[in-house]
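Okay, structure first, notes after.
The values are calculated or read from the model by the stated rules, or taken from the named source; none is laboratory data. Predicted, not measured: the structure shown is a model, and the values here were computed from it. Positions of Cβ are backbone-derived with ideal geometry, glycine not excepted, and every protein chain shown enters the neighbour counts. Heavy atoms of the whole protein, side chains included, go into the accessibility calculation; ligands, DNA and RNA do not. Shrake-Rupley method; radii C 1.70, N 1.55, O 1.52, S 1.80 Å.
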Amino acid sequence: MVAPVTFTFAVVAAVALCGARAQDMDNEWARYRGFYGGGGGVLLPQSDVDLLEFPLNLEYLEAEFFCWSALGYGLDGIDVNLTGGGPPPVGGQTAALTPFVRDIATQFCYQEVGHLRAIKQNVRGFPRPLLDISAANFGKIVEQAMNTTLDPPFNPYENSLNFLLASYIIPYVGLTGYVGANPKLLTPQARKLVAGLLGVESAQDAVIRALLYEHGLSRVASYGVGVAELTAHISELRNALGRKGVKDEGLVVAPGQGPEGQTVGNIIAGDRFSLAYDRTPEEILGVVYGSGDPAKAGGFFPQGADGRIARAFIA
């Protein structure tokens, strides 16, 4: 009778082991239940959830800046539920835009609202973090890029050109984040969502760069610097804050550095194969905090970004 007892014990042990492993898988794959496309339930691994939640920080930022600039109000005036009860942004105001640029800004505004909805249909997300979209904050960024004090200070809401230059600062960072996240995603659902987000963010960046490229030699207010030169300064600043080499380029580059080494015009930023650059969450946080340090909040996020990835750097 010893053998059956031993066999029974072995079976129980095996079942328990399988159960423990299954529980581990459950912990990874079923912490969140997302909803994709037509509303069918889709289980996402925790790593995909984290990578999809992190860009909510940038989407909140873009939505608030574009909506306030175009409409004079942000998410609280469009759909307060999208804010998750988070604090209103600091310093948003209506920009003095031409009808043409206001139309573009309005479209960008509602595109970002759509991005927030799309992400939150797949993951739980988090409330809108505190955002600083004040003229003073944008002014500090431009002064940091130019390494000088500007008089009068740069104001993104003052006119259409300043708005486009301020817009140059934001969407491209999110774009590089989506490029960096895509190969790390495990599920087709998450990859499809990020591909869709990346496509529109890239298009926004292309529109902004094209409009600025047309004014490349124009002077910015009374600062004695051209539009193309200022974009180069902003890109150099983001490279410095990202601390991972060149992943950012202005509208004009040095001879031999344009596409196939044939142009100095650089209307679309890309590497030597004209592929989009990528950034990690760590690099992105360093850029949007303005500190170069993912553990040192500031810049657009005075109290830090949210989500498991961002909070891990501050914990």
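The table for this structure:
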| item | result |
| --- | --- |
| The one condition in (1) open to solvent by less than 20 Å² (accessible area, probe 1.4 Å); (2) outside any helix (DSSP H, G or I) that L186 fails to fulfil | (1) |
| Single residue of segment 94-146 satisfying the filter (of a type in the set (D, E, K, R) and under 16 Å from the mean Cα position of the chain (by Cα)) that is most open to solvent (accessible area, probe 1.4 Å) | R117 |
| Residue in segment 21-30 that is at negative phi, modelled with pLDDT of 95 or more, assigned to a helix (DSSP H, G or I) and surrounded by 15 or more Cβ atoms within 10 Å (Cβ to Cβ) present | no |
| Segment 257-274, residues that are touching a strand residue (DSSP E or B) at 6+ places or on another chain (Cβ under 7 Å) and either open to solvent by less than 60 Å² (accessible area, probe 1.4 Å) or of a type in the set (F, W, Y) (or both) | G258, G265, N266 |
| Among (1) without any contact (Cβ under 8 Å) to a residue 24 or more places away in the chain; (2) under 28 Å from G298 (Cα atoms), the one test that R128 misses | (1) |
| Given (1) surrounded by 20 or more Cβ atoms within 10 Å (Cβ to Cβ); (2) at pLDDT below 95, index of the condition D205 fails | (2) |
| Among (1) over 20 Å from I284 (Cα atoms); (2) assigned to a loop (DSSP other than H, G, I, E, B), the one test that A70 misses | (2) |
| Helices (runs of 4 or more DSSP H) fully within segment 212-315 counting 3 or more residues that are closer than 25 Å to L164 by Cβ and not acidic (D, E) | 227-242, 281-288 |
| Single residue of segment 266-310 satisfying the filter (small (G, A, S) and within 11 Å of K247 (Cα to Cα)) that is nearest to the chain's Cα centre (by Cα) | A276 |
| Selection within segment 234-256 - open to solvent by less than 50 Å² (accessible area, probe 1.4 Å) and touching a residue at least 60 places away in the same chain (Cβ under 8 Å) | I234, L237, R238, K247, D248 |
| Long-range neighbours under 6 Å by Cβ, at least six apart or interchain, first residue aromatic (F, W, Y) within segment 207-224, second open to solvent by less than 40 Å² (accessible area, probe 1.4 Å) | Y213/L251; Y223/L150 |
| Whichever residue in segment 72-93 is free of Cβ contacts under 8 Å to residues at least 24 places away in the same chain and open to solvent by less than 30 Å² (accessible area, probe 1.4 Å) and, among such residues, is farthest from P302 (Cα to Cα) | G72 |
| Answer residue from segment 208-218, given it is touching a helix residue (DSSP H, G or I) at 6+ places or on another chain (Cβ under 8 Å) and not small (G, A, S) and is most open to solvent (accessible area, probe 1.4 Å) among those | L217 |
| Subset of segment 189-198 [closer than 14 Å to D278 by Cα and surrounded by fewer than 16 Cβ atoms within 10 Å (Cβ to Cβ)] | A195 |
